[in-house]
Amino acid sequence: MKKIGYCITGSFCTFARSFLVLRSLIDIGYEVVPIMSENAYYTDTRFALAEEFSRKVEDACGRRIVHTIVDAEPLGPKEPLDALVVAPCTGNTLAKAALGITDTAATMAIKAHLRQDRPTLIALATNDAMSANLANIGTMLKRRNVYFVPMKQDAPKGKPHSLVAEFELIPDALLALLHGEQLRPLFLC
């Protein structure tokens, strides 16, 4: 059984889709370590109440959520994971990961995992992917052991710079990653 970290950051409108994928990965047979950025863990939104959503994630995974920097640090060296999935990965988290900034549980989990040369899968969900974060996508694509879930524009007219991963492709992208491959095409129409 493969042990994966499943990191949720603050793209709240994608939480329901992300949770369905999380459940499917557990059903497939992955052991899942849940990780949440502090904003995702503590913030109530119109999409989900923080405590209710966190309880749902913990119940599904059968373990407590890692939601502090201190608790995320051992995920690389002391508690190795076969892979880390970041779904959703906000533009903010992507930018910090690209620049090596470690100030949340999510960015610490990414850093701790990558410093052990283990594969990380990013399911991007951001309104500025094709503007402010385009360089960060390029930076992460060039990094060893970083893979992306195929993505597309979710609302080209209303949000012309937005990209959102096809969350339903996470299981296939994870399987490809475990074989050292990037699932393609990366950008969907």
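Derivation of every value follows stated rules applied to the coordinates shown; laboratory data play no part. As the structure is a prediction and not an experimental result, all values here were calculated from the model. In this analysis, Cβ positions are derived from the backbone assuming ideal geometry, glycine residues included, and neighbour counts consider all displayed protein chains.
Quick notes on this one:
- In terms of distances greater than 30 angstrom between alpha carbons, the cross-link table entries Lys2/Lys157; Lys56/Lys111; Lys2/Lys111 yield Lys2/Lys157.
- Ranked by the mean number of other Cβ atoms within 10 Å per residue, highest first, peptides 4-14, 68-78 order as 4-14, 68-78.
- Spin-label model distance (nm) - Lys152 vs Arg23, 7 Å beyond Cα toward Cβ: 2.4 nm
- Near Val33, the amide H atoms lying under 5 Å from its own belong to Ile4, Gly5, Tyr6; only residues 5 or more places off or on other chains count, and H is placed 1.01 Å from N.
- Cα-centred dipole magnitude for the chain, charges only on beta-carbon of K, R (+1) and D, E (-1), debye, nearest 20: 440 debye
- Put simply, the range 3-178 fits an ellipsoid with semi-axes of 21, 19, 16 Å; these come from the alpha carbon gyration tensor as the roots of five times its eigenvalues, largest first.
- Spin-label pair Lys56/Lys2, simplified geometry with 7 Å Cα→Cβ offset, distance in nm: 2.5 nm
- Trypsin sites (Lys or Arg not before Pro) restricted to the range 89-189 and DSSP loop, no more than 16 other C-beta within 10 Å: Arg115, Arg143, Arg144, Lys157
- Full-stretch length increase - Arg184, Gln116 - with 0.36 nm per residue and alpha-carbon distance subtracted: 22.0 nm
- Across Thr120, Thr93, Thr139, mean-square fluctuation computed from a Gaussian network of the chain (C-alpha pairs under 10 Å connected) peaks at Thr139.
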